[in-house]
Amino acid sequence: MKSKAMELSINVIVIAVIALLVLVVVIAIFAGQMGGFTTGVKDCTSKGGDCIQDTDCSPGQIEFFGKAVCSEGEICCINPMG
């Protein structure tokens, strides 16, 4: 009987630790602590592009119209061939 009771409490502790970790990640996401990650994903250079202060991209490049972070007045130009 003693080993079954001990086994049950270890399972409860493991499940509680996993639940606590999931809760911390969810709170971090909703509290905005993951902002550094999302900014990096939206960055123009992370998509293989360049932010330029022009109205047109260089020949061979196209303007990226997605959510790419460039400064005010700049456009994100990417090379479609990689």
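The values are calculated or read from the model by the stated rules, or taken from the named source; none is laboratory data. These numbers were taken from a predicted model, which means no experiment stands behind them. As a convention, Cβ positions derive from the backbone with ideal geometry for all residues, glycine included, and neighbour counts pool all protein chains shown.
Of the residues that sit in the stretch 1-47 and are hydrophobic (A, V, I, L, M, F, W, C) and under 24 Å from Phe65 (Cβ atoms), which one is modelled with the highest pLDDT?
Cys44
Could you list, ordered by first residue, the pairs with Cβ atoms under 7 Å in which the first is in the stretch 44-67 and free of Cβ contacts under 8 Å to residues at least 40 places away in the same chain and more than 10 Å from Ile78 (Cα to Cα) and the second is charged (D, E, K, R) and in a loop (DSSP other than H, G, I, E, B), at least 6 apart or interchain?
That search, which allows pairs on different chains as well, returns Ile52/Glu74; Gln53/Glu74.
Give me the pairs, please: first residue somewhere in the stretch 21-36 and at positive phi, second residue anywhere and at pLDDT 80 or above and surrounded by fewer than 10 Cβ atoms within 10 Å (Cβ to Cβ), beta-carbon distance under 6 Å, and either six or more positions apart or on two chains.
Within 6 Å, no pair qualifies.
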